[in-house]
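Engineer: Structure below; questions to follow.
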Amino acid sequence: MMNNPKIKSALIGGGVFGVIAALPYIEMLNMLCCALFVGGGVLAVYFYLKEQTAPLGSPYGDGALIGMMAGVIGGIVTTFVGAVLMALGLAPDWADTAAVLAELESLGVEIPGVAGEATTQEHVEEAILGMELVMNIVMFGIFATIGGLVGMAIFHKKDESAE
Amino acid sequence: MEQLPRVAERSPKHLFHASMRSPWAYGLLLACLGWLALVFAPALFAAAGWPHADMLRWLFHPVCHQIPARSFHPLGEPLAACARCTGMYVGFTLGVAAWPQLPRLAAKLAKRPRWILVFMVPLFVDVMFETGAPIRFATGLVAAFPCALLPLMAIADLTAARTPTGDDP
């Protein structure tokens, strides 16, 4: 499986950005136009093209596929790394998040209702983790697919003779 | 019957025409419209008094900060995504709908796809400044519109790869 260049690239792109997207505070880069999710797809395509010497038959089809695979892998990685960091106390847990939100609210910052509700309910960690997994796979998948396409647009050197 | 050239010999224009005939292109447009509906739905549902509108808003929390002050408020309720993200989603959807109607322009951009990065410059400049929601919406829209060509090219690629060329055994 690791000999398949598409899977190998998707593992690298999704794995690297999946871990980055799980790191406390750094994960907020995703608020910048889903930069980390898109970045996973771009990185995967970059590694794929680096190993390809023959011209690609369907570059954008490959880019979308590699991006989507990187997204699914990234979604799984980011959820589980996030959960492990939270369990080890290296990332803010729900109580910490609730405290931060309460402080922000006291400073006059308007907090979206669902964020406040999610952090004040008890025994919801498991349910939220399951929903986060599905959500991360879907969202990471969609945006990394776009990242894969953007990566192909940036890094793919076209065979001019085919024009 | 006119024989299509092989995939590697097809120009971006050929490829693009192939994508316009693909049901996948219409599927992509439907998916984009569905996505936009999810962005607008929480505001409409909340205005209608539906108590679980925030659950829909939660769908977008991994990809948007959802700060109400940075979002549009149709009917007095914030959308599920900020103004910039809403602009990107609207721009992408418009692109998916519009690029098939602009084949010459699409072929030009498909020949030099790195130009899509130029359209992202206003967005990156805007990120560094404190601007209003309309400008954030506009820069998001401008950045995403050309990107919509890329999935259409992917559909074109995949459609062309599956189209018999006539010289296959």
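The values are calculated or read from the model by the stated rules, or taken from the named source; none is laboratory data. The structure presented is a predicted model; accordingly, all values stated were derived computationally and were not measured. Here the Cβ is made from the backbone with ideal geometry for all residues, glycine too, and neighbour counts use every protein chain on show. Note: areas computed on protein heavy atoms with side chains; ligands, DNA, RNA excluded. Shrake-Rupley method; radii C 1.70, N 1.55, O 1.52, S 1.80 Å.
Engineer: Within the set A:Lys50/B:Lys111; A:Lys6/B:Lys111; A:Lys6/B:Lys108; A:Lys158/B:Lys108; A:Lys157/B:Lys111; A:Lys50/B:Lys108, which residue pairs have Cα atoms separated by over 19 Å?
Structural biologist: Working: A:Lys50/B:Lys111 21 Å; A:Lys6/B:Lys111 24 Å; A:Lys6/B:Lys108 28 Å; A:Lys158/B:Lys108 14 Å; A:Lys157/B:Lys111 11 Å; A:Lys50/B:Lys108 26 Å.
In this structure, A:Lys50/B:Lys111; A:Lys6/B:Lys111; A:Lys6/B:Lys108; A:Lys50/B:Lys108 exceed 19 Å between Cα atoms.
Engineer: With every protein chain left in place, what is the accessible area per residue of segment A:1-75 in square angstrom, probe 1.4 Å?
Structural biologist: Working: 3280 Å² over 75 residues.
The answer is 44 Å² per residue.
Engineer: Next question, about the same structure. Using only protein heavy atoms and a 1.4 angstrom probe, determine the accessible area buried between B and A, summed over both sides, in Å² to the nearest 100. Mind dumping the intermediate values first?
Structural biologist: Numbers: alone 10280 and 9750 Å², together 16960 Å².
Roughly 3100 Å².
Engineer: So, R0 is 30 Å and r is the distance between the beta-carbons of B:Leu38 and B:Phe129; what FRET efficiency does that work out to, to 0.05? Before the final figure, lay out the partial values.
Structural biologist: On the way: r = 29 Å, r/R0 = 0.96.
With R0 = 30 Å, the Cβ-Cβ based efficiency is 0.55.
Engineer: Separate question: For segment A:16-78, just say rounded, prolate or oblate: build the C-alpha gyration tensor, square-root its eigenvalues into a ≥ b ≥ c, call rounded for a/c under 1.5, and beyond that prolate if a/b exceeds b/c, oblate if not.
Structural biologist: Numbers: a/c = 2.55, a/b = 2.46, b/c = 1.04.
Here segment A:16-78 falls in the prolate category.
Engineer: Output ³J(HN,Hα) for segment A:38-52: one whole-Hz value per residue in order, computed from phi by the Karplus curve 6.51 cos²θ - 1.76 cosθ + 1.60 with θ = phi - 60°, and x for Gly and Pro.
Structural biologist: Residue by residue, segment A:38-52 yields 5, x, x, x, 4, 5, 4, 5, 4, 5, 5, 5, 5, 8, 8 Hz.
Engineer: Right, next: Considering only the other residues whose Cβ falls under 12 Å of the Cβ of B:Glu130, what net charge follows from Lys and Arg at +1 and Asp and Glu at -1?
Structural biologist: +1
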